[in-house]
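Student: Starting off with a structure, shown below.
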Amino acid sequence: MRAIWKGAVSFGLVSIGVKLYSATEEKDIRFHQVHREDGGRIRYKRTCSVCGEEVTYDDIAKGYDIGGGEMVILTDEDFADLPLTSSRAIDVLEFVPAEQVDPILYNKAYFLEPEGTATKPYVLLRDALIDSERVAIVKVALRQREQLATLRVREGVLLLNTMLWPDEIRTPDFGFLDEDLKVRPPELAMASSLIDSMTGEFEPDVFTDDYRAALQEVIDAKVEGREVVQPEEAEEAPAAAVDLMAALKASVDRARAARGEQPARGGGGGEPTPISSARSAQKAAEKKAAKKTTAKKTAEKKTAAKKAEPAKKTAAKKAEPAKKTAAKKAAPRKSA
């Protein structure tokens, strides 16, 4: 790595000489613009829009457009007079818990290496940051611009993270934020179940840039004069689901299947989700209530039958003498 900046960390009355190195690098595959017919590189000339002449870097200044076609021109001398008092220093302002720094503020990362005899105070600051479980809030001037940054420890090295200023963070202004949308508890429970089924430990090394790998394969095939083997087609994203609960349930089953677990479907085993548990409990309660209703109706029928039995017997007793009398009258008399 090549140092891109040299300065000192100002920590109270302690000054720690450091070198600054870029901690990250983009792995994008870069291309040149070329002439399609002969492969010649396309060159761009810096020309003035007023006189049409080609301009060298020495004759280029910075212009600020104030509107109406007017331009304010700033030279290197104008920038040299700006009050960048920390131009070669990283001034520690305060120490704060790391969780208080919103990740949206982070911009670029740089490694700091101790220079010369600064190794001992460097290690002292590093160990103190680890022991305090805090990050240092600092100011630093890089590329003629003062920036807010943090100092923290990564793999035994001080890491400088430049940050955006608070007024550089946009405020979200979307119409749905003013809508009164209500999420039903079953939907929230199922979404939480989906999160649980997809929870794991973050291991960045397991993720790869599939597009870059495929593009590199195309380039290598071109160089070697062979045909490119088409990669397997990625699974298409499902169409937007109308039933949110059905989509969440299917997502839970899919996540479980990806982990080698049994989908949480009815009768299919597996651990019940909050929704399936609630539905099972509801069905059990409904069955229990239905049994009670059936038992109540049966008991009522039995009671009514018991009440009706004495009345039937009484009516039968009253009808018996009448039947006998009728039978006597109907019987034929014997002749003398």
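The values are calculated or read from the model by the stated rules, or taken from the named source; none is laboratory data. Keep in mind that this is a model prediction, so the values were computed, not measured. Glycine also receives a Cβ, built like all others from the backbone with ideal geometry; neighbour counts cover every protein chain displayed. Side chains included, ligands, DNA and RNA excluded: accessible areas come from the protein's heavy atoms. Shrake-Rupley method; radii C 1.70, N 1.55, O 1.52, S 1.80 Å.
Student: Can you tell me which residue among PHE111, PHE95 is modelled with pLDDT of 95 or more and either among the basic types (Lys, Arg) or open to solvent by 70 Å² or more (accessible area, probe 1.4 Å) (or both)?
Tutor: On inspection, the qualifying residue turns out to be PHE95.
Student: Could you grab me the full set of residues in region 77-92 that are at pLDDT 90 or above, β-branched (Val, Ile, Thr) and within 14 Å of ALA141 (Cβ to Cβ)?
Tutor: Matches in region 77-92: ILE90 only.
Student: So ARG184 fits all but one of (1) in contact (Cβ under 8 Å) with a residue 60 or more places away in the chain; (2) open to solvent by 90 Å² or more (accessible area, probe 1.4 Å); what number is the exception?
Tutor: (1)
Student: Then there is this: Just the residues that are of a type in the set (A, V, I, L, M) and either in contact with a helix residue (DSSP H, G or I) (Cβ under 9 Å, 6 or more places away or on another chain) or closer than 14 Å to SER251 by Cβ (or both), please, taken from region 170-187.
Tutor: VAL183
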